[in-house]
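Shown next, in structure tokens, is the structure this report addresses.
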Amino acid sequence: MSALLRQIPANIPQDIRKIRIENSHLTELPRGSFENVSALEYLWLNFNNITVMHIRSLEYLPALKELRLQGNKLSSVPWTAFQDTPALKILDLKHNRLDVLPEHALRYLPNLTYLDLSSNQLTIISRDVFYNWPVYQRSQSTEGPLEAISNAVLALHDNPWICDCRLRGFVQFIKSVGPPIILMNSYLTCSGPKFRTGKFFHEVELNSCTKPLTSALDTNLTVPAGLNITLTCFVQASPSPAVWWTYALKLLRAFNVSTEPISEDTVRSELLIPAARPADAGNYTCTAANFLGNASVAINLRVVAPWASTTPRGWAPAAPAEPGAHVEVRIAKQTVYGITLEWFAAAAAAAEPGETWYTLLVGRYDAAQKDTIYIGPGVNTYSVTDLLPATKYEVCVAVRNQAPRKGQCVVFVTGSDVSQMEQREKLIHIVVIVCAMVLAVPAGMYACTAEALPGCLARCPSACPRRRRGGPAQAAGSKESTLDSLPAGSEDGLCRPDGGARRSPDRAEPGKARPPHRNSADLY
């Protein structure tokens with residue numbers, strides 16, 4: 001008890017008849033776990049962490065009478081493993097995680113007198129599980145006295161049973177079972193579907209399973225634009241099917257879908273289209289499926305103008321104006337490419353605001369035909385986008401299909417394209433910067449030259465001989481340097497590598513005209 005065992009000990013004496021290891025850390029029963037204790041009759045492994053049971057874990061246990069695995073974490077049991085325990089009488093598997101019971105589960109337990117499967121996760125099982133149980137088969141046999149057959153206690157309570165058509169056979173078995181099979185708790189209850197939750201097995205009557213059958217009240221609908229449309233699909237099926245809708249714009253515009261049962265075997269599914277528009281027209285398919293098959297029904301939807309197709313697209317009135325049906329219009333917001341309108345219907349038009357439709361006419365001021373937009377009841381704002389910049393437009397709002405009256409139209413001019421003006425400003429800025437850089441280059445050269453003259457004179461005073469006034473003239477064909485053309489404040493010439501001196505332009509030779517001064521701009 002409460003030992004830190006992680007596996008079955010290997011040194012168990014061979015003549016041991018009972019083993020009890022509880023509240024330990026066992027996680028599995030490997031193959032041949034008890035091959036050295038063939039005399040074992042009672043094996044209790046309650047409240048461990050056993051999740052895996054090998055198909056040969058009970059090998060070499062022909063005398064085993066009692067196996068208790070309560071409070072472990074088994075989600076499945078290898079039922080063929082009980083071929084190695086023909087003498088087993090008590091099998092306790094309560095408080096595990098079993099969710100499936102195969103039809104052959106009890107086939108290899110012919111002498112069982114107590115089976116506890118309570119407090120697991122069983123939802124659906126077949127009655128064939130018990131019809132294949134040798135104990136039940138013996139109780140149904142007419143050969144021999146009934147008193148000779150031992151009673152078998154069966155515990156199946158506290159499981160989340162789903163009481164639909166799939167559980168029909170098992171419910172019938174529970175209602176009809178009697179000695180020698182005794183239910184520990186005969187009041188088994190349903191956990192689903194919703195309308196059967198909490199009911200006892202003997203209170204429900206389950207029908208046979210059926211393939212889905214879909215239908216719709218109307219498979220061809222024509223509706224006015226702007227209305228909220230609900231498409232309804234009815235499905236008859238058992239068990240309850242999965243229902244979904246498919247339509248052309250599903251990836252672009254997802255609509256709300258609600259599905260709810262309205263009877264034991266009928267489901268209603270509704271798809272809501274808010275403010276239907278012409279783009280929503282098309283086929284809407286309702287599909288239902290369960291394990292027996294699937295079925296579908298298509299509903300064709302047409303979305304048209306809320307009034308007759310003869311409604312004009314221009315300014316011509318389609319019906320006489322109703323007295324007092326006046327709409328006040330104003331611009332709530334304006335951008336370069338659009339506006340947002342607000343309107344208020346006064347007098348008779350406002351008497352039934354929940355049923356009043358509006359016509360919005362928008363187009364260029366000089367256009368003969370305007371675009372028509374129909375606005376549903378309860379809406380008093382609309383945004384017009386994708387307009388051309390710097391263009392004159394006119395927008396009118398009228399009640400129903402009447403012609404717009406005075407004061408129900410707004411004339412406006414869209415703004416200039418800000419992006420083009422910004423590009424022009426950027427171009428001007430770039431041109432100015434380039435010009436400034438170009439003008440700055442000669443000034444920089446002048447500054448460099450002015451600093452270079454005194455530095456050279458300071459380094460080589462001895463190498464530059466004093467130039468006599470009226471010395472021999474330099475060769476007439478020599479090129480004038482850039483430095484010669486710039487003014488200098490010294491009477492000494494610049495140094496040459498060979499020790500000679502350059503003639504300063506400040507002292508001209510007698511009788512020779514002084515060349516004109518050139519500034520930095522001329523050089524550039």
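Give the residues of the stretch 115-137 that are closer than 18 Å to LYS89 by Cβ, touching a residue at least 40 places away in the same chain (Cβ under 8 Å) and over 42 Å from the mean Cα position of the chain (by Cα), sorted by residue number.
LEU115, ASP116, PHE130, VAL135, TYR136
In the stretch 257-284, how many are over 18 Å from GLY226 (Cβ atoms), part of a strand (DSSP E or B) and open to solvent by 40 Å² or more (accessible area, probe 1.4 Å)?
At the first step, the residues of the stretch 257-284 found to be over 18 Å from GLY226 (Cβ atoms) are 257-270, 283-284.
Narrowing further to those that are part of a strand (DSSP E or B): 257-261, 266-270, 283-284.
So of that shortlist, the ones also open to solvent by 40 Å² or more (accessible area, probe 1.4 Å) come out as 257-261, 268, 270, 283.
Summing the residues that are over 18 Å from GLY226 (Cβ atoms), part of a strand (DSSP E or B) and open to solvent by 40 Å² or more (accessible area, probe 1.4 Å) in the stretch 257-284 gives 8.
I want to confirm something. Restricting to the stretch 222-256 and keeping residues that are assigned to a loop (DSSP other than H, G, I, E, B) and aliphatic (A, V, I, L, M), which single residue is nearest to PHE195 (Cα to Cα)? First the steps, then the outcome.
As a first pass, look at the stretch 222-256 and keep what is assigned to a loop (DSSP other than H, G, I, E, B): 225-228, 239-241, 247-255.
From what is left, the residues that are aliphatic (A, V, I, L, M) are 225, 227, 248-249, 251-252, 254.
Details: ALA225: 39, LEU227: 34, ALA248: 35, LEU249: 35, LEU251: 34, LEU252: 36, ALA254: 30 Å.
Looking at residues that are assigned to a loop (DSSP other than H, G, I, E, B) and aliphatic (A, V, I, L, M), I get ALA254.
Which ones in the stretch 161-206 are open to solvent by less than 30 Å² (accessible area, probe 1.4 Å) and among the acidic types (Asp, Glu)?
ASP164, the sole residue that qualifies.
Could you check how many residues of the stretch 80-100 are assigned to a helix (DSSP H, G or I) and either open to solvent by less than 10 Å² (accessible area, probe 1.4 Å) or touching a Cys at 6+ places or on another chain (Cβ under 8 Å) (or both)? Spell out the reasoning first.
To start, the set of residues in the stretch 80-100 that are assigned to a helix (DSSP H, G or I) comprises 80-84.
Now restrict to residues that are either open to solvent by less than 10 Å² (accessible area, probe 1.4 Å) or touching a Cys at 6+ places or on another chain (Cβ under 8 Å) (or both): 81-82.
Looking only at that region, the number is 2.
Taking the stretch 42-69 as the region of interest, how many residues are of a type outside the set (Val, Ile, Thr), open to solvent by less than 30 Å² (accessible area, probe 1.4 Å) and assigned to a loop (DSSP other than H, G, I, E, B)? Write out each step before concluding.
Going residue by residue through the stretch 42-69, those that are of a type outside the set (Val, Ile, Thr) are 42-49, 53-54, 56-69.
Add one more test, that the residue is open to solvent by less than 30 Å² (accessible area, probe 1.4 Å), and what stays is 43, 45-46, 48, 53, 57-58, 61, 64, 66-67, 69.
Filter again for assigned to a loop (DSSP other than H, G, I, E, B), leaving 45-46, 48, 57-58, 61, 64, 69.
Residues meeting the conditions: 8.
Of a type outside the set (Ser, Thr, Tyr) and loosely packed, with under 15 Cβ neighbours inside 10 Å: does that describe ASN290? Spell out how you get there, then give the answer.
Working: of a type outside the set (Ser, Thr, Tyr): yes; loosely packed, with under 15 Cβ neighbours inside 10 Å: no.
In short, no.
Somewhere in the stretch 112-121, is a residue surrounded by fewer than 16 Cβ atoms within 10 Å (Cβ to Cβ), polar (S, T, N, Q) and touching a Pro at 6+ places or on another chain (Cβ under 8 Å)?
Scanning the stretch 112-121 turns up at least one residue that is surrounded by fewer than 16 Cβ atoms within 10 Å (Cβ to Cβ), polar (S, T, N, Q) and touching a Pro at 6+ places or on another chain (Cβ under 8 Å).
Is it true that some residue in the stretch 409-419 is under 43 Å from the mean Cα position of the chain (by Cα), at pLDDT 80 or above and of a type in the set (A, V, I, L, M)? Write out each step before concluding.
Step one: of the stretch 409-419, the residues under 43 Å from the mean Cα position of the chain (by Cα) are 410, 412-419.
Restricting the remaining residues to those that are at pLDDT 80 or above gives 410, 412-414.
Still in the list and also of a type in the set (A, V, I, L, M): 410, 413.
Checked against the condition, which is being under 43 Å from the mean Cα position of the chain (by Cα), at pLDDT 80 or above and of a type in the set (A, V, I, L, M), the stretch 409-419 yields at least one hit.
When residues of the stretch 10-35 are filtered for being surrounded by 16 or more Cβ atoms within 10 Å (Cβ to Cβ) and not small (Gly, Ala, Ser), how many remain? Show your work before the answer.
Our first condition is that a residue be surrounded by 16 or more Cβ atoms within 10 Å (Cβ to Cβ); within the stretch 10-35, this holds for 19, 21-22, 24, 26, 28-29, 33-34.
Still in the running and not small (Gly, Ala, Ser): 19, 21-22, 26, 28-29, 34.
Here the count works out to 7.
Test each condition in (1) crowded, with 17+ Cβ neighbours inside 10 Å; (2) within 18 Å of PRO9 (Cβ to Cβ); (3) basic (Lys, Arg) for ARG127 and report the one that comes out false.
ARG127 satisfies every listed condition except (2).
Taking the stretch 217-235 only, how many residues are touching a Phe, Trp or Tyr at 6+ places or on another chain (Cβ under 7 Å) and either free of Cβ contacts under 8 Å to residues at least 12 places away in the same chain or under 30 Å from ARG168 (Cβ atoms) (or both)?
Taking the stretch 217-235 and keeping what is touching a Phe, Trp or Tyr at 6+ places or on another chain (Cβ under 7 Å), we get 225-226, 231.
Still in the running and either free of Cβ contacts under 8 Å to residues at least 12 places away in the same chain or under 30 Å from ARG168 (Cβ atoms) (or both): none.
So the answer is 0.
Mind listing just one residue for me: the one in the stretch 369-383 that is of a type in the set (A, V, I, L, M) and touching a Leu at 6+ places or on another chain (Cβ under 7 Å) and, of those, surrounded by the fewest Cβ atoms within 10 Å (Cβ to Cβ)?
Pass one, the stretch 369-383, residues of a type in the set (A, V, I, L, M): 373, 375, 379.
Adding the requirement that they be touching a Leu at 6+ places or on another chain (Cβ under 7 Å) leaves 373, 375.
Working: ILE373: 16, ILE375: 21.
My answer is ILE373.
Among the residues of the stretch 220-256, how many are open to solvent by less than 70 Å² (accessible area, probe 1.4 Å), more than 20 Å from ALA288 (Cβ to Cβ) and β-branched (Val, Ile, Thr)?
Here the count works out to 2.
The values are calculated or read from the model by the stated rules, or taken from the named source; none is laboratory data. Computed from a predicted model, the values in this text were never measured in an experiment. Ideal geometry is used to build each Cβ from the backbone, glycine not excepted, and the neighbour counts take in all protein chains shown. All accessible areas refer to the heavy atoms of the entire protein, side chains included, with ligands and DNA or RNA removed. Shrake-Rupley method; radii C 1.70, N 1.55, O 1.52, S 1.80 Å.
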